[in-house]
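Input: a single structure, listed below in structure tokens.
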Amino acid sequence: MAEAEATEEKTAGTKAPCDATTIAFVSFLRSEAEAADSRAKQLWAQAEKLIHDHGLEQHFQSAPKKPGRKPKRKRANDPDRKKPKLTGYTLFMKEVNSTVREENPSLGAQNVVQRVAQLWNEKSDEQKQEWKSKAEDHSNENAKKDEGVGKEKATLEREDDNEKVNADKAEDDKKDQTSEVV
């Protein structure tokens, strides 16, 4: 009884009155939650040990899923990856964006893009076609450059492979000579 009175005095400033059974129940829930967390950690450790002992890593590669936001998928930084073709609109956006920014320095990024889009929509079909042909020419030039770079890279890789093979042969010859001497 004395405990209940003491808790009532402590909680007098709170919104809802609290009795000893509520406090006991909250304490019970917290202890059960801690026990569940502890048990979950033990089970995860046991599962990880079994995975490691039986060589099942390839079946269980991902970490356990936790609730929340999914991480963004990172794109591999592949220098040989083909870039998407440049469209007339994207070329127009690249070239006109800086001039719109200079003319309207108070505009935010979103408003600049909206203004460039508005300018694009004001263009006639003939003007848009000119931008599209410029973009196609630009894409063709880049494709030619990429082909040349790819050929150069392949040639360099073959030369590197040949150098490695020659170095391995020279090393094998030295081993053979030393074994004959001994």
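Structural remarks
- Region 96-124 residues that are without any contact (Cβ under 8 Å) to a residue 12 or more places away in the chain and at negative phi, paired with ones that are in a helix (DSSP H, G or I) and of a type in the set (A, V, I, L, M, F, W, C) (beta carbon under 6 Å, 6 or more apart): R101/V112
- Within region 98-116, tally of residues that are basic (K, R) and farther than 20 Å from W131 by Cα: 1
- Output for region 67-125, where each listed residue is open to solvent by less than 100 Å² (accessible area, probe 1.4 Å), assigned to a loop (DSSP other than H, G, I, E, B) and under 20 Å from E136 (Cα atoms): L86, T87, K123, S124
The values are calculated or read from the model by the stated rules, or taken from the named source; none is laboratory data. This is a predicted model, so every value here is computed, not measured. Neighbour counts run over all protein chains shown; Cβ positions are idealised from the backbone, glycine included. For accessibility, only protein heavy atoms count, side chains too; no ligands or nucleic acids. Shrake-Rupley method; radii C 1.70, N 1.55, O 1.52, S 1.80 Å.
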